[in-house]
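Reading through the structure tokens given below for one structure.
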Amino acid sequence: MTENTLRSVNVERTGTGHFTATNPRGGTISFGTSSDPHGDTDFTPVELLLAAIGGCTAADVDVATARHAEPTGFAVSVTGDKLNDEFGNRMTDLVVTFSVTFPKGELGDRARAILPRAVKTSHDRLCTVSRTVEIGTPITAIVADA
């Protein structure tokens, strides 16, 4: 790894089932493990994974289409099924759905025309998050000396 390729976050426990991730620039996001639908509103780690997939590909598609026309609506939904089977806990059947609208006119028509290609290119080559999940990258878990 080099300084140009390394990406990192630090995760610290802030309470029972509650954590804060901090990036090298000082940005933070809180998350937790609560499954109570009426209680904690923190994102769960699985929801953060879905958000990372949607956010990564949304950014790619936005760059490609917004240079032609500013969207009048831009939403991405990411869904999947969480299950526990012989492979352990995991997500399956991940689906990323784009709902994007552009203004009428030539520029909007151009953006609409490239939207499917932009989504495909993000999925097939550009989105680091979905490419990593889809290809499958080994993860090494270690315990540092305390």
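The values are calculated or read from the model by the stated rules, or taken from the named source; none is laboratory data. None of these values were measured; they are calculated from a predicted model. For accessibility, only protein heavy atoms count, side chains too; no ligands or nucleic acids. Shrake-Rupley method; radii C 1.70, N 1.55, O 1.52, S 1.80 Å.
Taking 0.36 nm per intervening residue step and subtracting the Cα-Cα distance, what contour gain separates Thr14 from Thr33 on full extension? Mind showing how you got there, number by number?
Details: separation 19, 0.36 × 19 = 6.84 nm, distance 1.21 nm.
The span from Thr14 to Thr33 would gain 5.6 nm if fully extended.
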How much length is gained if the chain between Thr92 and Val63 is pulled fully straight, taking 0.36 nm per residue apart and subtracting their Cα-Cα distance, in nm to one decimal? 7.6 nm
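Hey, could you grab the Kirkwood Rh for the chain? Inverse mean 1/r over distinct alpha carbon pairs, Å, one decimal.
Numbers: mean 1/r = 0.0559 Å⁻¹.
It works out to 17.9 Å.
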Mind checking the full-extension length gain between Ile139 and Glu70? Use 0.36 nm per residue of separation minus the Cα-Cα distance, one decimal, nm. 21.0 nm
Mind computing the radius of gyration and Dmax over the alpha-carbon atoms of region 86-142? Å is fine for both. 16.7, 55
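Only Cα pairs under 8 Å and at least 6 apart count here; give the relative contact order of the chain as a rounded whole percent. Working shown, then result.
Numbers: 171 pairs, mean separation 25.7, N = 146.
That works out to 18 percent.
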Pull up all non-local amide H partners of Thr44: gap of 5 or more, or a different chain, and H-to-H distance under 5 Å with H placed in the peptide plane. Gly32
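Rounded to the nearest whole Å², what accessible area per residue is found for the chain with the 1.4 Å probe?
Values: 10670 Å² over 146 residues.
Here the per-residue accessible area is 73 Å².
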In terms of the alpha carbon gyration tensor, root eigenvalues a ≥ b ≥ c, rounded if a/c is under 1.5 and otherwise prolate when a/b exceeds b/c or oblate, region 46-124 is prolate
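State the percentage of accessible surface on region 39-100 attributable to carbon and sulfur atoms; use a 1.4 Å probe and exclude ligands, DNA and RNA.
54 percent
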Phi angles of region 49-62, converted by Karplus (6.51 cos²θ - 1.76 cosθ + 1.60, θ = phi - 60°) into ³J(HN,Hα) in whole Hz with x for Gly and Pro, give 4, 4, 5, 5, 4, x, x, 5, 6, 4, 4, 4, 5, 4
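Percent relative contact order of region 61-146, based on C-alpha pairs within less than 8 angstrom and at least six residues apart? List each step's numbers first, then the result.
Working: 88 pairs, mean separation 25.5, N = 86.
Across region 61-146, relative contact order equals 30 percent.
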